[in-house]
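The values are calculated or read from the model by the stated rules, or taken from the named source; none is laboratory data. Fair warning: this is a prediction, and the values are worked out from it, not measured in the lab. Quick reminder, even Gly has a Cβ in these numbers, built from the backbone with ideal geometry, and neighbours come from all protein chains shown.
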Amino acid sequence: MKRLTILVLLFAGILFNLAAQPRQKKALFVIVDGIPADVIEKVETPALDTIAKTGAYMRAYVGGEKDGYSQTPTISAVGYNSLLTGTWVNKHNVWDNDIAAPNYSYETIFRFFKNQYPDKKTAIFSTWLDNRTKLVGEGLPQTDAIKLDYHYDSLEYDTIRFPHDSESYIHMIDEEVVNAAASYIRKETPDLSWVYLEYTDDMGHRYGDSEKFYDAVKMMDDQIRRLWEAIQFRQRNFEEDWVIYITTDHGRGAETGKNHGGQSDRERSTWIVTSAKNVNPWFLKNPPGIVDIMPSIASWLDVKIPTEQLKELDGISLTGKVSVAGLNATYADKKLTITWKAIDKKAQAKIWLATTNEFKTGGRDNYQMVKQVPLSVGKTTVDVSKWPSGFYKIVLETPQGFMNRWVIVK
Ligand SMILES: [Zn+2]
């Protein structure tokens, strides 16, 4: 072949490849600390509003089921880990900011993602080191020594650059973290990344509901603007489609706004802003939990969560079909009464039952299918006299996925 012909063929081949290449999907999630829903709705946040216009703004909640087995403290690291694992504290076991003994059997979005796509890039930009070293558990044997491709964190240990007696040192760190994230996104385009910003909570603790706290929220909004512009830059100039989820880890007490950790409405009341275009309208009226963000990101990035783990997730994707809600179960007289709200009236449901919790220690539970019913019935009873136990795990399976519920027999 003549050299010219080869060159022409090569060029045509490149063009064909460019045209055929699907757009790469990327995800960024951001936790901005300790901003109750009423505050985010009151303070001007033009960047969040812009993002919500392309996607959605939702009121949301943290804290698991109030007074139920999944009740979860409205404390920072507890909330972050609910986002990362899609489970409440009864599973992930991070009860406070000490992060004493996370249960790594409940894997983070980073592990699911890296298992499936070892060559894709992950990154953390954070004003708190523990997010990477303890919650994600980088390098630990329990997490199969997961390694992120990039991190920008631990500045809080640099007391020379960021003297802790300065009231704004956390803000200075947040600024560094955001600028590092925006610049890394523009240049290196990580596939899955997490930005964590702390200053809002710091001001909330110091001043409670006050102009200083609201100013911190405005500063946060400007930081989100920079991240959003970096994403826009990638989408304009490269074959990439991005999604961003922004949320907070807890609200604040109603009295002064200084504290959090309890189960009051305002401490539990949070929000989610996303650019995702296909949020199910169900969630605009029925506030999602922080645990719903992880499956949403997994769905966007085509992460296939294995069935055994899906049966454990407490969240469902905000962008998928919602076929069922409000699964509940009670025990009396050797019978389980299981109820739910059927949204998809045509679907069939399978009910699975296990009396063990081997999953908690890395094992497998032996689920039995105990019933198959039309979802529309909304209620069924299961005679469990054959399976006497102080503990039941119930899984409701529909064509859309799984929903689970524990029963602890008193
Ligand atoms: Zn917090």
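Between residues in the stretch 334-361 that are on the phi > 0 side of the Ramachandran plot and residues that are exposed (fewer than 15 other Cβ atoms within 10 Å of the Cβ) and assigned to a loop (DSSP other than H, G, I, E, B), which pairs lie under 6 Å by C-beta distance while being six or more apart or on different chains?
Lys334/Ser385
With the structure loaded, tell me whether Trp228 is within 22 Å of Ala52 (Cα to Cα), away from the ligand (no atom under 16 Å from the Cβ) and either of a type in the set (A, V, I, L, M) or crowded, with 20+ Cβ neighbours inside 10 Å (or both) or whether it fails that test.
Criteria met by Trp228.
Out of the helices (runs of 4 or more DSSP H) lying entirely within the stretch 146-237, which hold 1 or more residues that are farther than 25 Å from Glu44 by Cβ?
The helices (runs of 4 or more DSSP H) meeting that bar are 169-188, 211-237.
Do the conditions hold for Val273, that is, is it of a type in the set (A, V, I, L, M, F, W, C), in the same structural domain as Val39 (by TED's automatic domain parsing) and in contact with a helix residue (DSSP H, G or I) (Cβ under 7 Å, 6 or more places away or on another chain)?
So Val273 passes the test.
Among the candidates Ile31, Ile75, single out the residue that is within 16 Å of the ligand (Cβ to nearest atom) and within 15 Å of Gln263 (Cβ to Cβ).
Result of the check over Ile31, Ile75: Ile75.
Which count do you get for residues in the stretch 26-66 that are touching a Leu at 6+ places or on another chain (Cβ under 7 Å) and charged (D, E, K, R)?
1
Name, by its number, the condition in (1) away from the ligand (no atom under 16 Å from the Cβ); (2) part of a loop (DSSP other than H, G, I, E, B) that does not hold for Phe110.
Of everything listed in (1) away from the ligand (no atom under 16 Å from the Cβ); (2) part of a loop (DSSP other than H, G, I, E, B), Phe110 misses just condition (2).
Being away from the ligand (no atom under 16 Å from the Cβ), among the hydrophobic types (A, V, I, L, M, F, W, C), under 30 Å from Arg23 (Cβ atoms) and free of Cβ contacts under 8 Å to residues at least 40 places away in the same chain: is that true of Leu148 here?
When the stated conditions are applied, Leu148 passes them.
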